[in-house]
Each structure stands twice: as C-alpha cells, then as structure tokens.
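Undergrad: Right, I'll just put the structure down here and ask away after.
Derivation of every value follows stated rules applied to the coordinates shown; laboratory data play no part. These figures come from a predicted structure and were not determined experimentally. Glycine gets a Cβ as well: all are built from the backbone with ideal geometry, and neighbour counts include every protein chain shown.
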Amino acid sequence: MTKALLPFLTSGLAAVLVAGCAQSSDKYPSLAMRPAERVSAQAVAPTPVPAVSEQAFGRIKAAAETARSVHQQFIARQPAALRRAQAARGLGMDDNRRAAAEIALADLKSLHGQTTLSLSDLDRLEFESASTFTVTTDINAAQELLREILSRQSALMDAVAKAMQP
C-alpha cells in the first residue's frame, strides 16, 4: 500500500464508523411538510405594477414625434449632402465646394444630435418610471425605435463623410 492511498482509506474508514453510530430515525424530527409550512408555501398574488401615467405617455409620444420629424428632415437633406460630398472629393479645405460639403455634414450631425436628445428624454422617463416600479414597456419600445433611427442616421452620415475622402 502506498502512502498516497493512506489518507483516502483513513477517511473512508472514518465515514463507515461514523455512519454506524447513527441511532434510529424515530428520535429525529420528520422532514415532511408541517401544516404551518403549507400555509406559507401557498402562492401569493403578485402586486400589480402600475401602468405608465397619461403624463408619461404624453412625454413618450412627444419624444417619438419630435424624433420622427427630425428624422424626416434628416432624410430630406441627406441626398444633397451626399452630392456635395461627392463634388468635394479630393478638394482642399480652401475650396468652396469642400466648405459646402462640410456644412451639409454638420447640418446632418445637428439633426442627429436632436434625435439623440429625444432618446435622452426617454431614458430620463425610463429612470423615473423604473424608480417608482412603473411598467416601462412603452418607453422601451420607443427607445428601441429611436435607437434604430439613430443607427440609420449614423450610417448615412458615415456615407457622406466617406464620399468626401479622396
């Protein structure tokens, strides 16, 4: 027998000896559920979570409408900005066509920023609602819509910026 096996055999023998010391099970309490435990184990009806207030719903609607309006302006101005950027490709900063393209891109960035402000309004409303345990499903849906709009705007702005590069 090797010395490495000795600790395992010793602990196994100790376990067998201790198990033999156990007395009959009638001296120990039953592990069955007691009547008092049955009462506490019954399902408790969940507390209803308040829905978004009319005021909050109005704020959601206003933020979404503002973002939609700004996005329509963005979509209307993007083709002209892209044409200006393509016309300015490879031109120096001293050329008026390059300046016009930069201004058009800045205009798109400004509109993108306005959309971001609408999203921040919804983020603030979500925080306020969550802190009062109000359902935020409507807020989250509007936030997701605005994130999609912002993502599309970012892609369009990237296309304009890339068109100016030589």
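Undergrad: Please label the shape of region 54-164 as rounded, prolate or oblate, based on the square roots a ≥ b ≥ c of the eigenvalues of the alpha-carbon gyration tensor (a/c under 1.5 means rounded; beyond that, a/b larger than b/c means prolate, else oblate). Working shown, then result.
TA: Values: a/c = 3.58, a/b = 3.39, b/c = 1.06.
Since a/c reaches 1.5 and a/b is larger than b/c, the shape of region 54-164 is classed as prolate.
Undergrad: 7 Å from Cα along Cα→Cβ at both R152 and E54: what's the point-to-point distance in nm?
TA: Modelled inter-label distance: 3.3 nm.
Undergrad: Can you give the FRET efficiency for A62 and S131, using 1/(1 + (r/R0)^6), R0 = 25 Å, r = Cβ-Cβ distance, to the nearest 0.05?
TA: After rounding, the FRET efficiency stands at 0.75.
Undergrad: Turning to a different aspect of this structure: If you stretched the chain out fully between N140 and D95, how much longer would it get, using 0.36 nm times the residue separation minus the C-alpha to C-alpha distance?
TA: On the way: separation 45, 0.36 × 45 = 16.20 nm, distance 4.54 nm.
Answer, rounded to one decimal: 11.7 nm.
Undergrad: Where does the charge balance sit around L122 when Lys and Arg score +1, Asp and Glu -1, over other residues with C-beta under 14 Å from its C-beta?
TA: -3
Undergrad: Also, I was wondering about something else. Sequence gap at least 6, Cα distance under 8 Å: using those rules, report the relative contact order of region 54-164 to the nearest whole percent.
TA: Over region 54-164, the number comes to 39 percent.
Undergrad: Shifting gears a bit: Once the other residues with Cβ under 14 Å from the Cβ of I60 are scored (Lys, Arg +1; Asp, Glu -1), what is the net sum? Don't skip to the answer; put the middle values down first.
TA: Numbers: positive: R59, K61, R68, R124; negative: E54, E65, D121, D123, E126, E128, D138, E144.
Charge balance in the 14 Å sphere: -4.
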